[in-house]
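The values are calculated or read from the model by the stated rules, or taken from the named source; none is laboratory data. The model shown is predicted, which means the values in this text are computed figures rather than measured ones. For neighbour counting, all protein chains shown are included, and Cβ atoms are generated from backbone atoms with ideal geometry for every residue, glycine included. Protein only, heavy atoms only, side chains kept; ligands, DNA and RNA dropped before computing areas. Shrake-Rupley method; radii C 1.70, N 1.55, O 1.52, S 1.80 Å.
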Amino acid sequence: RKAAEALKEARKALANFEQTIPEIMVMQELEKPKPAYLLERGSYSARGETVSAGIPEALQLEGFGPSKDRRELAEWLVQSPLTARVAVNRHWQILFGEGLVRTPEDFGSQGAAPTHPELLEWLAADFVANGWNVKRLVRLLVTSATYRQDSALDSDALNRDPENLLLARSHRFRLPAEMIRDQALATSGLLVRDMGGAPVKPMELAESFKPSAPDSKEDRFRRSLYTYWRRTGPAPVMMALDAAKRDVCSAKRERTSTPLQALVLLNDPLMLACAREIAADALRNNGYSPRALQQAIRSIFQELTARTPDEEELEILTGLFVSQKERFTGNPDAAALAISADGSTPPGDVPHTELAALTLVTNAILNFDETVMRR
């Protein structure tokens, strides 16, 4: 009996250990493929002549014979010029807002024709010739004169080319949901840049359709790429900012502009945590005098928008700081709530009243049009 119990416990321990090992499906071709037949009128019992796997003769590429396995089929697909064109168009779409082919889900005869077919062909050929180097492709695009154009729009340009098909100016569009989140984390210094690992649950999943308890403080500040995702309970903030739901294939995201997006950015605990860290650093670097606080606001604005504020903007932001400071001076509990919305302990080396007021100013700048828009 003792030996049987010991064996039972050992098998249980082995089963528990094996459950922790990630598994993936591996395909292997049969040594002797199963025969396949043409079916007369589609009836499985009316077999016609024997057929085998292969690439249609009209689509044969040089160097490829009849396909015998999935690997050769995959190699044939990658060698096709269409694959490189689709890849290049996708990266162009990410950087410019619209692809050279504006129907990325359909490169066929029913889709839109390329606005610049020769450019698309050259980029695809260059991409393949340089070993499908994505970093090189991105560098090539972002250093081009086309990408570095001004996005300012006048009435004449709007009348001549309302959709910017001629690429005579830079596109203007809101950043994707993941970029907005990662940008806030990066500028605040909270972003955890660790590579790889299991998915993590950020704070916002606690309020999703199917709530999940958030992970530890360090893990929940990882890049959005690692966010835990359930198709039946996606992250609400990501949904409000037009992230794909992933229940269907999405080759191109829709972009909307709604008041709900501003509401999310102004009240998301993660954005408030990022605003608190940015504000705390600005106070440490500039001090607490009225002139120093103006300089702190100016430095935050420049860090988040890549330009200095004009006098009117600085006056508005300074007025917001003064009004919030007066409110928090008479209500310390509200100040404590503003700087601990994510459940963490606020820094002890910065006065909480000034920190709470500047946190809300920073949060307003994080929601500012120029912070979340690509121009």
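Structural remarks
- Compared with the alpha-carbon gap, the fully stretched path from V26 to R1 is longer by 4.9 nm at 0.36 nm per residue.
- By accessible area with a 1.4 Å probe, ligands and nucleic acids excluded, highest first: order of W92, W229, W122, W132: W122, W132, W229, W92
- Heavy-atom accessible area with a 1.4 Å probe sorts E118, E178, largest first, into E118, E178.
- The order of the peptides 9-22, 151-164, 315-328 by mean Cβ neighbours within 10 Å, most packed first, is 315-328, 151-164, 9-22.
- GNM flexibility winner over the chain from V264, V88, V78 (Cα, springs under 10 Å): V78
- Entries in K12/K201; K252/K325; K135/K252; K135/K245; K135/K201; K8/K32 that, when Cα-Cα distance is taken, lie over 32 Å: K252/K325; K8/K32
- Against the empirical 2.2 N^0.38 Å (N residues), the range 220-310 has a Cα radius of gyration ratio of 1.43.
- Within-15-Å neighbourhood charge of Q302 [Cβ basis; K, R +1; D, E -1]: -4
- Residue-normalised accessible area of the range 102-184, given per residue in Å² at a 1.4 Å probe: 61
- Taking every Cα-Cα distance in the range 1-131 and sorting them into 5 Å bins starting at zero, the pair-distance distribution P(r) comes out as 2, 8, 10, 10, 10, 10, 10, 9, 9, 7, 5, 4, 3, 2, 1, 0 percent.
- Nonpolar atom fraction for the range 179-294, defined as the carbon and sulfur part of the 1.4 Å probe accessible area, stands at 54 percent.
- Per-pair calculated FRET efficiency, R0 = 51 Å: R327 and L225 via Cβ, rounded to 0.05: 0.85
- Take 133-146, 361-374 and order them by the average number of nearby Cβ atoms within 10 Å per residue, most first; the result is 361-374, 133-146.
- Ranked by the mean number of other Cβ atoms within 10 Å per residue, highest first, peptides 241-252, 104-115 order as 241-252, 104-115.
- Degrees between helix 352-366 axis and first principal axis of the chain (Cα, 0 to 90, nearest 10): 40
- Rounded percent of accessible protein surface that carbon and sulfur make up, the range 1-123, 1.4 Å probe: 57
- Kirkwood-based shape ratio for the chain, expressed as Rg/Rh from alpha carbons: 1.09
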